[in-house]
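Chemist: Below: one structure in structure tokens.
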Amino acid sequence: MKKILVLGCTGSIGTNTLSIADNMPDEFKICGLQAHSNKEKLTELSKKYKCPSLLTSEDNSPEAFQKLIEESKPDIVVNGIAGSAGLMPSKVVLENKIDLALANKETIVMAGPLIKALAKKNGARILPVDSEHSAIFNLVERIGSENISKIIITASGGPFRNFSKEELNNVTVEQALNHPTWKMGKKITIDSSTLANKGLEVIEAAYLFDAEPEQIEVVVHPQSLIHSLVRTNDGMLYAQISDPDMKHPIFSALTWPENKSSYLKPFDLFDNLMSFFKPRTDDFPLLGYAFECIKQKAAYPIAFNAANEVAVHAFLERKISYPSIAGIVRKVLDKDWSESPKDFDSVFEADKKARTYALELL
């Protein structure tokens, strides 16, 4: 019986994690819950699972997360918190020597080297929950990193894959929130449409798997059936294939290193077509900016993430146009971010500085 603390329990990742636990009560027990602002739902879930909970709109401090960990005593923590707010809880989890099932890509984007060093120091594992990084993680573990020459991350292409540049100029909030494949939160759905999400995943993959930017490639795969691939030294491609359901990578993280049977429907090859295209980086420049950032490292990935968060929020509030999201990020990245963060305080300082620049541009 594995005890699970779920951070972001009312969001997509959290809801899917609870569903797995409900369907496999002999394997998993929900021992603690966190939500940002949905107090009613959090209270309901806390009663259902008879466990302690934390509402971070009331108390979003390291001490509050530490108390939740001490009260819930988890074997593993699923971090499904959206955005940069997920970094501090990830740090607290690893400081407590607890395995981290990580869906919050900003944790790695903002502080990849520091987070990996903290996990290694405390003997805790970082288990990726993003479908793409879960796929890469499983392929690397089975094939061996020394045998892999390239990591290929798949992207759905979002709802505007076939839009012209002129059509992109007039994209509405409603259009951008209508993802063709996945059901996700608002911010990540917008990021998927601009390919910023794929950019964040490129940065995350470079840090997680110690890969150089030249070893990472992005391919648009609209059906979202192949979740990522690796190319081995002999030129062969190996892929992880499943239906686009986040329960698969969550289950993989919860059960690692075992490969357990589950109640989830196995993938059926029949009547499934798969197609692949090159990403249009001229029309979706945020992906290219992300490659720039991971090449330069230092605080550039932090600035990319912070500026994008501010810009997406402004777009959702209808304060800026769709193309302006990339425009704001570009202007922030044109500042000097060449000083590498020495510690977590430096990470948060760089994040705050980038947000200030982005807000001034707004």
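Chemist: With every protein chain present, what accessible area does Tyr207 have (1.4 Å probe, heavy atoms only), rounded to the nearest 10 Å²?
Modeler: Using a 1.4 Å probe on the heavy atoms, I get roughly 30 Å².
Chemist: Can you send over the solvent-accessible area of Phe65, 1.4 Å probe, protein chains only, in Å² to the nearest 10?
Modeler: The accessible area comes out at roughly 10 Å².
Chemist: Right, here's the next one. Amide H of Ala101 versus every other amide H placed in the peptide plane: which residues, excluding those fewer than 5 positions away on the same chain, fall under 5 Å?
Modeler: Val77, Val78, Asn79, Leu127
Chemist: Based on Cα coordinates alone, diagonalise the gyration tensor for the range 1-118, multiply each eigenvalue by 5, take square roots, and list the semi-axes in whole Å, largest first.
Modeler: 21, 16, 13
Chemist: Could you state the principal axis extents of the C-alpha atoms in the range 163-282, from the largest down, to the nearest angstrom?
Modeler: Extents along the principal axes, in whole Å: 48, 35, 29.
Chemist: Okay, moving on. Express the relative contact order of the chain as a whole percentage, based on alpha carbon pairs under 8 Å and six or more residues apart in sequence.
Modeler: 15
Chemist: As a test of understanding, state the convex hull volume per residue of the range 137-184 from its alpha carbons, in Å³. Could the numbers behind the result be given before it?
Modeler: Values: hull volume 5.5 nm³, N = 48.
Value for the range 137-184: 115 Å³ per residue.
Chemist: Still on this structure, I have one more. Using a Förster distance of 45 angstrom, determine the FRET efficiency expected from the C-beta separation of Leu362 and Glu44, and round it to 0.05.
Modeler: Numbers: r = 37 Å, r/R0 = 0.81.
Computed FRET efficiency for Leu362 and Glu44: 0.75.
Chemist: Okay, moving on. On average, how much accessible surface per residue is there in the chain, in Å², for a 1.4 Å probe, leaving out ligands, DNA and RNA?
Modeler: That works out to 45 Å² per residue.
Chemist: Where the Cα atoms of the chain are projected onto their three principal axes, how long is each span, largest first, in whole Å?
Modeler: 53, 49, 39
Chemist: When N is the residue count of the range 41-110, what does its C-alpha Rg come to as a fraction of 2.2 N^0.38 Å?
Modeler: 1.08
Chemist: Alpha carbons only, please: Rg and Dmax for the range 207-267, in angstrom.
Modeler: That works out to 13.8, 39 Å for Rg and Dmax.
Chemist: Let me ask something else about it. Computing the accessible area with a 1.4 Å probe over protein heavy atoms, can you report the carbon and sulfur percentage for the range 14-68?
Modeler: 47
Chemist: Quick one: grab Rg to one decimal and Dmax as a whole number for the range 110-172, Cα atoms only, in Å.
Modeler: Taking only Cα atoms of the range 110-172, I get Rg and Dmax of 17.8, 51 Å.
Chemist: Here's something else I'd like to know. Take every Cα-Cα distance within the range 240-327, group them into 5 Å bins from 0 onward, and report for each bin the whole-number percent of pairs it holds.
Modeler: Computed distribution, short to long bins: 3, 10, 13, 12, 10, 15, 16, 14, 6, 1.
Chemist: Right, something else. Using alpha carbons only, what's the Rg to Rh ratio of the range 11-65 with Rh from Kirkwood?
Modeler: 0.98
Chemist: First compute the accessible area of the range 195-339 with a 1.4 Å probe, then give the percent of it belonging to carbon and sulfur atoms. Present the calculation step by step, with values, prior to reporting the outcome.
Modeler: On the way: 3390 of 6630 Å².
Whole-percent figure for carbon plus sulfur exposure: 51.
The values are calculated or read from the model by the stated rules, or taken from the named source; none is laboratory data. Fair warning: this is a prediction, and the values are worked out from it, not measured in the lab. No Cβ is skipped: glycine too gets one built from the backbone with ideal geometry, and neighbour counts run over all protein chains shown. Remember, those area values only see protein heavy atoms, side chains included, never the ligands or the DNA or RNA. Shrake-Rupley method; radii C 1.70, N 1.55, O 1.52, S 1.80 Å.
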